[in-house]
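Have a look at the structure below, then the notes.
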Amino acid sequence: MIRIQIIQSFRKLVRDRLYTLVNVTGLTIAMTTAILISLWVYDETHFDHFHAKGDRTYRVLTDWQFGGNEETMAFSPAPLATHALEEIPEVERMVRIWSPWNVVLHYGDEKIRVGKTLLADTAFLRVFDFELLNGNTATALQDPNGAVISEDLALRIFGSVDVLGQPLQLSDKMPLTVTGVLKNVPSNSHLQFELLVPFDHNIDNFVGEGSLTWTAFNYNTYVLLRPGIAPDQVGDKLTELMPLEEGKTRKTFFHLQPLPDIHLGSGHLSFSDAPRGNLSNIRLVGLIGLIILLIACINYINMTTARQAHMARDTGIRKIIGARRATLIRQYLLEAFILVTFSAVLAILLLEICLPYFEQLSDKHFTPEQLFSRTPAIIVLGIILFTVIIAGVQPAFRLSSFKPLEALKTNHWRGPQGAGLRKILVVSQFTCAAALIICVFIILQQLAFVKAHELGYQKEYIFSFNTVDSDPKQLIPLLEKEASIAGVTASSSSIIDVGNRYAGFEYEGKEPEADPFLYVLGVHPNFPQFFGLELTDGRWFLPREMDTTSVIINEKAVAALGLEDPLGKWIEFRNKTTITGIARDFHFRSLHHPIEQLAISQSRYLNEVYIKTTPGNTAKAIAAAENIFAQHEEHAVFDYQFMDESYDQLYKSETRVGQLFLIFSCLAIFISCLGIFGLATFSAERRRKEISIRKVLGASFSNLIYIFSRDFIKLVCIALLLGSPVAWFAMTEWLQDFSYHIAISPWVFLGAGILIISIAFVTISLQSMRTALQNPARSLHTD
Amino acid sequence: MITLRNIERYYNHGLQRTWVLRDINIDIEEGSFVSIMGPSGSGKTTLLNIIGMLDQANKGEYYFLDEPVHKFNERRRTDLHKHYIGFIFQAYHLIDDLTVYENIETPLLYKKVGRSQRRAVVADVLDRFNIVAKKDLFPHQLSGGQQQLVGVARAIVGKPKLLLADEPTGNLHSSQGKIIMETLSELHKEGMTILQVTHDESNAEYGDRIIELWDGFVKEPEQLDQNQS
């Protein structure tokens, strides 16, 4: 019977071409989206799951007090690991990790920039399961000069992975020998690196004296516990290891974070620069994937029940010649299954085309092993099953429920059967589509606002680069001589995103209880003039080489320090400085954050060089800078970035969300319109006689279009009314992430409304125009 | 075979009640060929549908092969009708998506007849009605007479005891109608019980008994006899 039912279903699908086309198109697009999103969600929620000992591996987190705030960070001091191994029996292995910046490898005369380098304890490859293509997991990091490199890096340097024993040089500091070649680190690992070097023998080359003491919280520490040990008690024991000065209360505590939680559970951590997952984003994107799939399911339900006049006859006959209801339900479900499976096959083909774009958009890479494994197969099967159930069950039960005698009466089906449910479903489709498009409008508006926002400094025609070994102070006079360069300055960190904070310092007029923190930016003397910063009071630095006694604070800092009359007061960071000026507040972090307290001082340690050019001279300026850089940096590679690009990088995640929403909302609208196109076609079919009569009676063309579109447009309007508050609510929440954001304007809703109604109207008109233009005599005759 | 006692069928329209059938008492012997006649709206089709278990009486008793159908639930009625009753319609009601062969085969599928047996039975029927050459065509490729022939073939393929025909020739030319009626007559001679609804006196003559309906009542047989004589 199944075989025959399959044949029959195929015939039906071929005969009702429009029905099949609308459904297959909608389902294919929706399923492609759903599969991609599922892959992404699965990947995001399964970070670091490939480590066999992952269930007893933890990262040490430190709770401490900073500038009066309780904070948690993923950094801990170096002695913790050594002491823990000796004194806590529950600990099986410990791994410390430290990651230097701007690492360049030398191979012969070649300089190769390395993506990310980790200095790690020898147990690293035993705790974590990063697969070696070449070399021995147990011994690769034993050799003090050993280096484990990734497949990619090996190919970049040597053009081969068979390179054990090859010599390399890390900057000018360390000679290395390749002791292992690593399979590229999977993208679903929170640890990303290309080069792995032993911690113990090399850390001294990178960090200064005192960096390996209990007070330097510079390292990520990972713990492998023995089986069956509860992490809480170990956390307490770790805390106890930390020496405590006589008479002081403990303010620093350690606790353990399970390895699989790191990717999604680190949003609250300070000083974390790694890309972090965001559970609410995952939920949101997952929800949207579901909505798009549901919109396509609704098309199926609506299209199937809309043609029930035809289906009813079929049901009636079959019941009279002996079909049970269960048989018919199975038949109709089978039809749904065939349609959905066919769409799924097309979806997989479409996936092939979309995947590269999706990978770019989501910043992920899916390896063939990942794609041709069990998980995607289960995802696809799950989506097929879900779709069949959601789309197929209601029509199957409804169509099979007809009483045979009524079903055979043709007039019985002239009326708008099941129109109530169809209307509700159409409204839900367009509610989602409307909400999404409104969100897109608001996100794009906010991004435009962010990009145009007055930051309080100039960022146009400025590019920057980092120095490694050379001192910017030596480079600046050389660069200034270049004709194409209009100005040069330098700072300790980027003005776009200042990250350094100080707390626990003394200053004049400090209340005994107060413990404020200040963001600190070290700069070259001409820095304020270069960026056009403004003073509200006092003066900038003295125009001499090193004015280390002056400090400029911003308006917020005056308030944070609680100073009435700040000019002339002293602050002691490393040395005693005097407040000589108050700078007007400017944005030194992204607009997600309010402007906070900042101190600007002159510093010896500058590594960010800014170069201002003029229009038409940028290429020359870059070439000149590169030339001078090359003369002074033996071990680094020149890498520059324009400031407006770096600034846009701060909103990378939002830009991505905006792009995703744009795509999703277009899909939602497209699939919804496919649905009403199908319904309009059926409705045109059903009302052909009515329209012909109206035409004979003298209705004009536009009159007919109006009569025909009226009902659908009404539904779309209701959907807009329902979707608007949802979008408003969601976007109000979203905008809270920004300290500086737009006010949601009613024009957004109006604009989105006009857009959606126009699209819906055009869609329906395509069909109604055809009907309205038909010769009335023909349709009246055939009826 | 069929015993109807005090059958009533009515519809309620608000407070008003419209009777379609009233006080119907009929006995039909196995092997008879009965024609139900009467003007439009006299309740012929409703009576046929009640006998065919597609519709239910509001009152009265209906025994089919001595089984009390009026007491059965839907499922048992469906079973009964599936196994013992075949239907022919004025509008043929073939399934558009199925070929002639498949249309005839479908009732057997629903009776869960095995594949090889199905093939044999359908081949027999095709042969008997001379439509072997048409077996792979779809209904819309056939003339009305041919479609109805398929309709008859489909109705009898499951070897029902009772064949119900609702104006089987109503949509056909007289020559085509004649072929159908002769086919029915032949089936009757082979022992099939047939009940047909018809307007047409000449069609009624193929049968051995006429039940005439008038506004929902059965016209008295005496009257009928008088008319005939």
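In degrees, nearest 10, range 0 to 90: what is the angle between the Cα axis of helix A:17-45 and the longest Cα principal axis of chain A? Relative to chain A, helix A:17-45 is tipped by roughly 20 degrees.
Count the DSSP beta bridges whose two residues both fall in the protein assembly as shown, then state the antiparallel fraction as a percent rounded to the nearest 5.
So the antiparallel bridges amount to about 70 percent of the total.
All alpha carbon pair distances within the stretch A:58-261 were sorted into 5 Å bins beginning at 0; the resulting P(r) in whole percents reads 1, 7, 15, 18, 18, 15, 11, 7, 4, 2, 1, 0, 0. Label zone of A:D711 (point 7 Å out along Cα→Cβ, amide N under 20 Å): in the stretch A:738-758 this covers A:757-758. Kindly provide log₁₀ I(q)/I(0) values, in the same order as q = 0.09, 0.10, 0.15 Å⁻¹, from the Debye equation applied to equal alpha-carbon scatterers of the stretch A:462-649. Scattering profile of the stretch A:462-649, log10 relative to I(0): -0.35, -0.42, -0.89. Between A:I424 and A:N775, the simple label model (points 7 Å from Cα in the Cβ direction) yields a spacing of 4.4 nm. Placing +1 on each Lys and Arg Cβ and -1 on each Asp and Glu Cβ, with no other charges, gives chain A a dipole about its Cα centre of roughly 6980 debye.
Scanning chain A for GluC sites (Glu not before Pro) in DSSP loops with at most 13 neighbouring Cβ atoms within 10 Å leaves A:565-783 as the longest stretch between them. Beyond 27 Å in Cα-Cα separation lie the following of the pairs A:K459/A:K481; A:K319/A:K423; A:K403/B:K82; A:K403/B:K161; A:K612/A:K652: A:K319/A:K423.
Close amide H partners of A:Y219, meaning residues 5 or more places away or on another chain with modelled amide H under 5 Å apart, are A:S76. Near B:V125, once Lys and Arg are set to +1 and Asp and Glu to -1 for all other residues with Cβ below 12 Å from its Cβ, the sum equals +3. With angles folded into 0 to 90 degrees, how steeply does helix B:74-84 sit against the dominant principal axis of chain B? Use alpha carbons for both and round to 10. Its long axis makes an angle of about 60 degrees.
Spatial offset of the stretch A:510-554 relative to the stretch A:444-490 amounts to 19 Å, using the alpha carbon center of each. The fraction of all Cα pairs in the protein assembly as shown landing in successive 20 Å bins from 0 to the largest distance is 10, 28, 26, 17, 13, 6, 0, given as whole percents.
One chain, two ends: A:T177 and A:A377. Fully extended at 0.36 nm per residue, the span grows by 67.8 nm beyond their Cα-Cα distance. Fully extending the segment from A:S745 to A:E511 would add 79.7 nm, taking 0.36 nm per residue of separation and subtracting the current Cα-Cα distance.
Here's the picture: a label point sits 7 Å out from the Cα of B:N73 along the beta-carbon direction, and within the stretch A:385-404 the residues with their amide nitrogen under 19 Å of it are A:401-404.
Taking label positions 7 Å along the Cα-Cβ direction at both B:K111 and A:N575, the computed distance is 10.9 nm, reported to one decimal.
With a Förster radius of 41 Å applied to the C-beta separation of A:F217 and A:H453, the computed FRET efficiency comes to 0.75.
Cα centroids of the stretch A:702-724 and the stretch A:261-321: 25 Å apart. With a Förster radius of 41 Å applied to the C-beta separation of B:Q16 and A:V696, the computed FRET efficiency comes to 0.65. Take each residue in A:310-322, count the other chain C-beta atoms within 10 Å of its C-beta, and the mean is 6.
With contacts taken as Cα pairs under 8 Å and at least 6 residues apart, chain A reaches a relative contact order of 16 percent.
Which whole number gives the average, over all residues in B:90-98, of C-beta atoms from other chains lying within 10 Å of the residue C-beta? If you can, show how the numbers build up before the last one.
On the way: counts 0, 3, 1, 7, 1, 6, 7, 11, 6.
Counting Cβ atoms of other protein chains within 10 Å of each residue's Cβ and averaging gives 5.
Each stretch of four or more DSSP H residues adds -39500 (n - 2.57); spread over every residue of chain A, this sum gives -16000 deg cm²/dmol at 222 nm.
If you take the Cα centroid of the stretch B:50-80 and the Cα centroid of the stretch B:110-172, the two points sit 26 Å apart. The magnitude of the dipole of the stretch A:462-649, with charges of +1 and -1 set on the Cβ of Lys/Arg and Asp/Glu and taken from the Cα centre, is near 380 debye. Peptides B:82-95, A:433-446 ranked from most to least packed by the mean count of surrounding Cβ atoms within 10 Å: A:433-446, B:82-95. Full extension of the chain between A:N136 and A:H201 yields a length gain of 21.5 nm, computed as 0.36 nm times the residue separation minus the alpha carbon distance.
Label point of A:E460 set 7 angstrom out along Cα-Cβ; within the stretch A:522-537, amide nitrogens under 14 Å from it belong to A:532. When +1 charges are put on Lys and Arg Cβ atoms and -1 charges on Asp and Glu Cβ atoms, the dipole computed for chain B relative to its Cα centre reaches about 980 debye.
Quick one: if the Förster radius is 41 Å, what FRET efficiency do B:E186 and A:T341 give, using the C-beta to C-beta distance and rounding to 0.05?
Rounded to the nearest 0.05, the efficiency is 0.30.
The trypsin sites (Lys or Arg not before Pro) of the stretch B:112-218 meeting both criteria, a DSSP state outside H, G, I, E and B (loop) and at most 12 other C-beta atoms within 10 angstrom of the site's C-beta, are B:K112. Extending 7 Å from the Cα toward the beta-carbon at both A:N627 and A:Q474 defines two label points whose distance is 1.9 nm.
Readers should treat all values here as calculations from the given coordinates under stated rules, not as data from a laboratory. Computed from a predicted model, the values in this text were never measured in an experiment. Positions of Cβ are backbone-derived with ideal geometry, glycine not excepted, and every protein chain shown enters the neighbour counts.
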